[in-house]
Amino acid sequence: MISYARQTQEEEPQAAPPPVEEHIAPAPRVSVQAFCETVETAAAVQSAGEDRRLGKAHLKIQMGGMAAAIEAYRSAPTPNVIVLESDGRNDLLGGLDQLATVCDSGTRVVVIGRINDVMLYRELVRRGVSDYVLSPVTALDVVRSICNLFSAPEAKAVGRIVAVVGAKGGVGASTVAHNVAWAIARDLAMDAVVADLDLAFGTAGLDYNQDPTQGIADAVFSPDRVDTAFMDRLLSKCTDHLSLLAAPATLDRVYDFGTDAFDAVFDTLRSTMPCIVLDVPHQWSGWTKRALIGADDILIVAAPDLANLRNAKNLFDLLKAQRPNDRPPLYCLNQVGIPKRPEIAATEFAKAIESQPIVSIPFEPQVFGSAANNGQMIAEISANHKSIEMFLQIAQRLTGRSETKKQRTSILSPLIEKLRRK
């Protein structure tokens, strides 16, 4: 019997594709070798290898199917994952039995086949095959299959990373990011963390009225120390569901980073937090580009002028091209309606970007200025302000969740809560 680790539950294979906005956790640093029989499948696997979620995996593609795989591993160790394409039932089962004689323990196998048969699927599961995917396959089918091998059903869900970036400096992207994170934590009841990536001039600590002695700089400059316990010590508690990974906002050192400088931070946060909101500064470098492309969802914040329109379109087009298997970025307009300032209408933005803005946040200097100066969110300053509903709408779209229903309370609620705590 093949000694592959079984990762899937015994269930019937389904040809119907899942929803477009499903959350697929990235794969770790693993080696993947695919043996294809058709150029169409090889092209799909090649495209999957370019997906951000397989960015850490080392993928190699060969033609020849089962026979080529058996021959290749007679004298070479097997990788973490083998992807096999096969058309025939008898050849498939017989080939798997031969492959078992040359396969290393712990290798996982994904089979791509054309036969939609329950009995065949059960035979494959009995032999220890990890997944069976019906062809023709798309790049997303391959990504989903490989990534799901490393997401055990009993494990905690991997956190969703949301990146917020301004199309231009001074458009209020940080304010939007912080208020959206507040809505995620308060209205959607999700544990969330805000990571302020603007180490020199970040404002998250000011906006949440926090002054932590440690923050994200301690993690970035000490990548060897980054683990779950270390990250927990760096987090500042803002509310029951919201934490902050603050920027030092000092100029005593220069913050020049390599492309992968934040990888360890993001990976650790994913393992402990359901939602991570990245406040990405308005700059273009290797690490900011990597952070945006690697996020699960992206929000671009733009003001209604020509420079913002150009920059928003450039960002939108690049991120859409670099993330072909993800949904396109979202964008919103901010500071709309400044008196006596000529503005480009939302319809013109939609025509140029070929996508509607998710919301248009009005210019309200009194409320937003008071919140910034007091270290509060808009919901704390004005509970019925119209922008609060907009932040909630953005939060729902980015997380794919609806607002949690507030439980009805009674005069006995405080007593019941005390008894529960005891």
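The numbers here are math on the coordinates, done by the rules we state, and not lab data. Since the structure is predicted, the reported quantities are computational estimates derived from the model, not experimental observations. Heads up, the Cβs are rebuilt from the backbone with ideal geometry, glycines too, and the neighbour counts pull from every protein chain shown.
Once the Cα atoms are used to define both axes, helix 39-49 deviates from the longest principal axis of the chain by about 40 degrees. Coupling constants for segment 179-190 follow from the phi torsions by the Karplus curve (6.51 cos²θ - 1.76 cosθ + 1.60, θ = phi - 60°), and in residue order they are 6, 5, 4, 4, 5, 4, 6, 7, 8, 9, 6, 9 Hz; glycine and proline get x.
Between residue 63 and 36, the built amide H atoms are under 5 Å apart, and every one of these is 5 or more places off in sequence or on another chain. Taking amide H as placed 1.01 Å from N in the peptide plane, the amide H of residue 104 sits under 5 Å from that of 78, each at least 5 places away or on another chain.
What area, in nm² and to one decimal, does the C-alpha convex hull of segment 267-322 cast on average over all directions? Computing the convex hull of the Cα atoms and averaging its projections yields 4.4 nm². Take the residue pairs 237/386; 168/351; 237/320; 56/289; 320/340; 340/386 and return only those whose Cα atoms are more than 25 Å apart. Beyond 25 Å: 237/386; 237/320; 320/340. Tilt of helix 365-374 relative to the longest C-alpha principal axis of the chain, in degrees (0 to 90, nearest 10)? Its long axis makes an angle of about 80 degrees. What do you get for the angle between helix 139-148 and the principal long axis of the chain? Use alpha-carbon atoms, 0 to 90 degrees, nearest ten. On a 0 to 90 degree scale, this one is about 90. Whole-Hz Karplus values for segment 230-237 come out as 5, 5, 4, 6, 7, 7, 9, 7 Hz, taken residue by residue from phi with 6.51 cos²θ - 1.76 cosθ + 1.60 and θ = phi - 60°; glycine and proline positions read x. For residue 275, what residues show an amide H to amide H distance below 5 Å, using hydrogens built from the backbone and excluding near sequence neighbours? Distant-sequence amide H within range of residue 275: 160, 193. Normalising the average separation of contacting C-alpha pairs (under 8 angstrom, six or more residues apart) by the number of residues puts the relative contact order of segment 160-399 at 27 percent. Taking the DSSP beta bridges with both ends in the chain, the antiparallel portion is around 5 percent. When peptides 188-199, 131-142, 364-375 are ranked by their average number of other Cβ atoms within 10 Å per residue, the highest-first order is 188-199, 131-142, 364-375. Rounded, prolate or oblate for segment 249-395? Axes are the square roots of the Cα gyration tensor eigenvalues, ordered a ≥ b ≥ c, and the cut-off for rounded is a/c under 1.5. Oblate, since a/c reaches 1.5 and b/c is not below a/b. 3J(HN,Hα) along segment 25-37, derived from phi through the Karplus expression 6.51 cos²θ - 1.76 cosθ + 1.60 where θ = phi - 60°, amounts to 6, x, 7, x, 6, 10, 9, 10, 10, 10, 10, 9, 10 Hz, with x in place of Gly and Pro.
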